[in-house]
1. Quick one: length gained pulling Glu174 to Asp213 fully straight, 0.36 nm per residue minus the C-alpha distance?
2. Of the options Pro155, Ala180, Gly168, report the single residue whose Cα projects farthest towards the positive end of the charge dipole of the stretch 108-217 (beta-carbon charges: Lys, Arg +1; Asp, Glu -1).
3. What translational diffusion coefficient, in µm²/s and rounded to a whole number, does the Stokes-Einstein relation yield for the stretch 324-391 at 37 °C and a viscosity of 0.692 mPa s, taking the hydrodynamic radius as the Kirkwood radius over Cα pairs?
4. Please state, rounded to one decimal and in Å, the Kirkwood hydrodynamic radius that the stretch 100-236 gives when every pair of distinct Cα atoms enters the mean of 1/r.
5. When the Karplus curve 6.51 cos²θ - 1.76 cosθ + 1.60 is applied with θ = phi - 60°, which whole-Hz ³J(HN,Hα) does each residue of the stretch 185-197 get, with x for Gly and Pro?
6. Full-extension gain between Gln237 and Glu53, please, as 0.36 nm times their residue separation minus the C-alpha to C-alpha distance.
7. If I fit a long axis through the Cα atoms of helix 373-390 and take the longest principal axis of the Cα atoms of the chain, what angle between them do I get, 0 to 90°, rounded to 10?
8. Which of the aspartates and glutamates could be linked to Lys2 by a straight reach, that is with a Cα gap under 14 Å, when you skip same-chain ones fewer than 8 residues away?
Amino acid sequence: MKVFLIAGEPSGDRLGAALMAGLKTLADEVEFLGIGGTAMAAEGLQSRFPMSELSIMGIAEVAPKYFHLKRRIRETAEAVIAANPDVLITIDSPDFCLRVARIVKEDEVEGLTFGHDIPTVHYVAPSVWAWRPKRAAKMAQWIDHVLALLPFEPPYMEAAGMSCDFVGHPVVAEPVASDAEAQAFRDQHDIGSDPLLLALPGSRKGEVTRLADRFGASIGRVQRDHPNMKVALPVAQGVETLVRDLTANWPVQPILIPAGQPDQKRAAFRAADVALAASGTVSLELAAAATPMVIAYDMNWFSRLLIGRLLKIDTVTLVNLVSDTRVVPEFLGRDCTPDQIAPALLATLADPSTQTKAMAATMERLGKGGEPPGLRAARSVLDMVARQQAG
């Protein structure tokens, strides 16, 4: 079996590696081609070019490299058509991946033809349930099958004309610190039985800059009721100096956990009594560690206005969405203020029980305790290819 995979981000690289491992378990003599990172290389993929060339976000970053990326799209599509694989699997990074799939499906590469309609699979469904629902119908022109991370996504994809399987979220397969490791973290930093707040102001410079002062002020207000409270802050790669500068005047100096120390980060997640976090998939990491949370986020005024008009849901927190509850407090846009955040942190510290139930339900619904997501994804791909060949 010949499989062509494309991943453009570190998260996609991890998904791709788990899928490749699953395919090697379930199928004989699998040949991997395509683009990926170090995790996929460890499973046997020799990337056609460095995946880092595709890990670009934002208009300002993409614009100078537009023509180079356009060449890479065409070059990758040509490689897919020339290889004529049994399946093309694109992983997230829709701006690059779906353009490649479009060329492959429409056979726009001059002088090259392929012998059959190459089945196409896209791993990670677009969040059409949240905003821009027309993306699914557009994607269906070039994608045959979707691997969904969230249990409520398949109906949206199927309504657009694609087959879709929920294969589980990778968070359920990631390691979680033990109670002993959490206690060791507390002992190491002389926390004892004092409350520990985990601060997670984001991984990008813009969001850290916007949120740091508000997080610090919120923490200061919580400290009035809990004067012995400690704060831990795992620092994302690339923002170390910025975080150190922006937290220097916080009323509680945080224990900064440098990037590249995953064991310490996991121990902090497990040891914390409550977390104040930026919006994103981090809420699922907190749920995996059974750490109750308050979500706070803001963006520039234009993005706030645009997304506010397009958003179709009443919560952006994945724990709320997956558990079908609204127990995790969230303060977005104009509501992202210490006056509102601090009381929610105090209430969550006082009684986390409703969140505890929702977090457990979230992990169960995301596939915890079942087959690993990579294996489920591989089984879904093989079933889809078999259907295509039979039909």
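The values are calculated or read from the model by the stated rules, or taken from the named source; none is laboratory data. What you are looking at is a predicted structure, and each value in this text was computed from that prediction instead of being measured. Cβ placement follows ideal geometry from the backbone for every residue including glycine, while neighbour counts extend to all protein chains displayed. Just so you know, the surface numbers come from the protein's heavy atoms only, side chains and all, with ligands and any DNA or RNA stripped out. Shrake-Rupley method; radii C 1.70, N 1.55, O 1.52, S 1.80 Å.
1. Length gained between Glu174 and Asp213: 10.9 nm.
2. Of Pro155, Ala180, Gly168, it is Pro155.
3. 209 µm²/s
4. For the stretch 100-236, inverting the mean 1/r across all distinct Cα pairs yields 19.7 Å.
5. The phi angles translate into 4, 4, 5, 4, 10, 6, 7, x, 9, 5, x, 10, 9 Hz.
6. Answer, rounded to one decimal: 64.5 nm.
7. 20 degrees
8. Asp28, Glu29, Glu31, Asp86
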